[in-house]
Amino acid sequence: MSEHSPIHAPIPGLGLRSLKTAIAATLTALLYAFLPGRNPTFACIGAIFGLGSDMGDSWRNGGNRLIGTIIGGFLGMGLFWTEHLIFSDGNYYFRLLLLFLGVIVLVSLSVAFRWPGAVQPGGVVLCIILFNTPVNHIEYALNRMLDTGIGVLIALLVNLLLPRQRLEKWLGLDRRQETAPSERG
């Protein structure tokens, strides 16, 4: 396994993907400055998780995050509703059973949709809804899905508009690469 070491990085380990990730997160937060009352946190997380080394990697990473958030969000809404239908004030121990069942369903759906990487982000949303949700759990879950989608979309756009070759050209890294001695020996 080769170690990640961008050859042009002025700061060790910091490469073009890092720059694009920072751009995607910042553009996402900037967009939310124009959306009064909205918090950019989950959208920025979506942007950071969604940006990959290339478009294929971004589709996979962003898809994992978005699909997981959607599955976990809908599962969380349904399980939260079920708990409060049976126990109007909620019941922590019943919630544990619902969590167990919810994770089983989450894994099964993620695999069925061919997005096994969706399990982790879906589990995060599921747990947040079950254990840390404001009174209006439906609005909360839908907002998490929307925010994640916005962040992932911005990450995809940044990766589409700023492919490695374009950034290397703009930053003059393509010329340095041509004159740099080969590291292969």
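The values are calculated or read from the model by the stated rules, or taken from the named source; none is laboratory data. Small disclaimer: the values here were computed from a predicted structure and weren't measured. Every residue, glycine among them, receives a Cβ derived from its backbone with ideal geometry; neighbour counts consider all protein chains shown.
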request  = Return a yes/no flag: does region 80-94 have any residue that is over 16 Å from I138 (Cα atoms), part of a helix (DSSP H, G or I) and among the hydroxyl-bearing types (S, T, Y).
outcome  = yes
Identity of the residue in region 116-169, more than 11 Å from G73 (Cβ to Cβ) and among the basic types (K, R), that ends up surrounded by the most Cβ atoms within 10 Å (Cβ to Cβ) = R164
Failed criterion for V135 (all others in (1) at pLDDT 90 or above; (2) assigned to a loop (DSSP other than H, G, I, E, B) hold) = (1)
task = Please verify whether region 121-139 includes one or more residues that are in contact with a Phe, Trp or Tyr (Cβ under 6 Å, 6 or more places away or on another chain) and either among the acidic types (D, E) or touching a residue at least 60 places away in the same chain (Cβ under 8 Å) (or both).
result = yes
ask   = Does Y140 satisfy the criteria of being of a type in the set (S, T, Y) and at pLDDT 95 or above?
value = no
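Residues are listed down the side, and each one gets a yes or a no for (1) farther than 20 Å from I45 by Cα; (2) in contact (Cβ under 8 Å) with a residue 60 or more places away in the chain; (3) touching a Pro at 6+ places or on another chain (Cβ under 7 Å):
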position: Y92; (1), (2), (3): yes, no, no
position: L96; (1), (2), (3): yes, no, no
position: W115; (1), (2), (3): no, no, no
position: L142; (1), (2), (3): no, yes, no
position: Q165; (1), (2), (3): yes, no, no
task = Collect the residues in region 1-45 that are of a type outside the set (G, A, S), at pLDDT below 90 and surrounded by 12 or more Cβ atoms within 10 Å (Cβ to Cβ), keeping them in residue-number order.
result = P6, H8, L14, L16, R17, L19
